[in-house]
1. Listed highest first by mean packing, meaning other Cβ atoms within 10 Å per residue, what order do 500-506, 417-423 come in?
2. Scan around G438 for amide H atoms under 5 Å from its own, H built in the peptide plane at 1.01 Å from N, and keep only partners 5 or more places away or cross-chain.
3. Starting from 0.36 nm per residue, how many nanometres of slack lie between S531 and E596 once their C-alpha separation is accounted for?
4. What does the net charge come to around I7 if you take all other residues with beta carbon closer than 13 Å to its beta carbon, with K and R at +1 and D and E at -1?
5. What lysines sit close enough to K509 to cross-link, taking a C-alpha to C-alpha distance under 18 Å and skipping anything fewer than 8 places away on the same chain?
6. Checking the table K317/K467; K251/K293; K52/K628; K224/K259; K601/K709 against a 22 Å threshold on Cα-Cα, which pairs fail?
7. When Lys and Arg each count +1 and Asp and Glu each count -1, what net charge do the other residues less than 9 Å away from F208, Cβ to Cβ, add up to?
8. In whole Hz, with x marking every Gly and Pro, tabulate ³J(HN,Hα) for region 248-256 from phi via Karplus 6.51 cos²θ - 1.76 cosθ + 1.60, θ = phi - 60°.
Amino acid sequence: MLIDEEIENKEIAKQYKELLRISYLQLSGEDKKLIRLAFNTAVDAHKNQRRKSGEAYIFHPIAVAKIVASEIGLDAKSISAALLHDTVEDTPYTLNDIERLFGNTVAKIVHGLTKISRLKKDTDISLQAENFRKMLLTLTDDIRVIIIKIADRLHNMQTMDAMPEYKQVKIASETLYIYAPLAHRIGMFNIKTELEDLSLKYTEPQRFDAIKNKIDDSQEEQAKYIKEFSAFLKASLDKERLRYFIKGRSKSIFSIHKKMQAQNINYEQVFDKFAIRIVYKSTPKNEKFLAWKIYSIITDHFTPNPTRLRDWISSPKSNGYESLHITVMGPKNKWVEVQIRSERMHEIAEKGYAAHYRYKQGVEKDSGIDGWLNRLQEVLETKDSNAVDFVENFKLNLYSDEIFVFTPQGDLKSLPQDSSALDFAFHIHTEIGAKTRGARVNGKLVPLSRNLKSGDLIEIITSENAKPTANWLDYVITSRARNKIKASLNEEKKRLAEDGKEILRRKLKQLRVKLDEKSIQQLVVYFKVNSSLDLFYRVGLGTIDNKRIKEFAVSFNNSFLNFFKNRLRSNHQREGVETEEFVSKYDKLVFGKEREELPYKLSPCCKPISGDKVFGFVTINEGIKVHKHNCSNSLSLQSNFAYRIIPAWWVDSSEQEFTSELNLSGIDQIGLVNEVTRVISNNMHVDIKRLNFSTEEELFKGSILVRVKNQQTLHKLTQNLLKLKGIEKVTRK
């Protein structure tokens, strides 16, 4: 491909000028000099490099810097670090060179970004989760590292068309799994939305295109509706001499997709496809007063839904988000969400971290981003050895909605939605959590597992004799509580395991068996435990008693070989039963580039059937397991174990049948069950394996287990059932 260097150089210069022009913050002369030096250094460093698309590599760091400067709104040092983020990783420039030219702060950020880039190359760890864990640890160095990394990921997602499909799916899954939640938690809502939409574009392209086309088609109708809504309010708002603007915001493609998926509805049935924003000018002193004045004007014209009021002005979200959300019955009797916010609040919602600090007053250290980072430090420093659990726990608190509850002293505390009284206890202090004996919510004694609601007043009852138990893990959702409970249980387990090891050594010695590495391995297999620690712990607890230890000793001393031959035979027989249940010689599912027929099992978590879009996951002990692409576990598997994912296709399934369960609900009718069985058995000749219906107050719920040959048959069956009078919804379990 011929490249006109002169045209390319002109475009690079043009991009640099635009970078300075679109910067969110005011740049001083010194700032511009620093950015110019970073630009020149990056151009020199990447002069011989090109991206897979063929364009000069320098366009990538410039694009990342533009996102950092404009969409996120960081300072000159951050913009410079973004321009230089790949220099130490991919070019002859060293970290010492960067520090000498740009100082310690820029060098520190570039170093953090380089550490993230090198994770996959420098480690031989199979879990992608371990890389995520290390990346998250950079948060404690400088949050700007993660913010620039998110900008880097955004530009990569915007320019992924040249990559092979399997890489697109892996990167998109990673993005949905960790980068979009991080952007959400830091308050970068625009970027979070774009990351989610781009991820859906590559993980489910057909669904993405279908929703996008419908949104595009409805733009004119949406603009007309906003104009009508504004007309109702304009005179009243102008009468109060308010300075404001009203605009619409379409719900993101990904949000619509999630709602369609969660409620099993089509696009037309999603009612809140867009919201209306009223953004007003105000001094800090009058912000709250004016927000409620606008609320009053709106509710004078339109009836509000009292269950849909969200006041994030009085109690801002922990990522700094402030706004007043109401849902009203608008023109043409349509429910519409209205977001009321000042210009300052709007900037924080759009820019997140940068705007939060631009407007921040005083030295409040336990609010917004600062408070979150302080609490995060504990989570990141946990010694939990399971990287997947670590990332899952971390993610749990990234996306969750918040509730606001009170201490007995009247202090307001923010917790993730669905937190329990026990989560609250650990949130207050680790010692209080560990010594919790009971809890009172609004003056009444409640179980520790009780889910809290906004506005609850919680009092924790403690006792010196209380200590965490394994059941507590079922009562909590916050990563802090889980980590502290696990740490306490592990300490107790280690203490009991030490006693158990000594008991086991003495017992085996009496039975003429030496406790060494070989005998420990056989003990672990014999008692079907996960590790030697589990073995010693159970002996310490007494669940592995003298009688069972004697039985092992007899097997170990007298029939060692027979024991293992029998064990292998029984394992083989058991595997045979499972294989017979899940795998048939008539399977026509093929895997990999060569489209080979390989042994597999259908995963019970999503129950794929012929025609479903699926992939294979190579497990450690059970061979290939087949999952649907939209399986609830798909995202985690694609992100953490991408190297064990293999593409899979159905090529022919005409001779095989699959079991699938349908859930039905609606208004009860006389003879409904007969109609349902007639449609299934007589009209479509589908075999019913199980039928269960229940009725309560004129409404019914039912489940039907059927055997079908493929997805097309199941889809046709679902459509025919929906035609029956009284049936409102049919979903596949």
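1. The densest-packed peptide leads the list: 417-423, 500-506.
2. Hits under the 5 Å cutoff: I461.
3. Length gained between S531 and E596: 19.8 nm.
4. -4
5. K501, K518, K547, K550
6. Beyond 22 Å between Cα atoms: K317/K467; K251/K293; K52/K628; K224/K259.
7. Charge balance in the 9 Å sphere: 0.
8. For region 248-256, the Karplus-derived couplings read x, 9, 5, 4, 5, 4, 5, 4, 5 Hz, x marking Gly and Pro.
Just so you know, all these numbers are worked out from the coordinates, no wet-lab data involved. Since this is a predicted model, take the numbers as computed values, not measurements. Cβ atoms come from the backbone with ideal geometry, glycine included; neighbour counts cover every protein chain shown.
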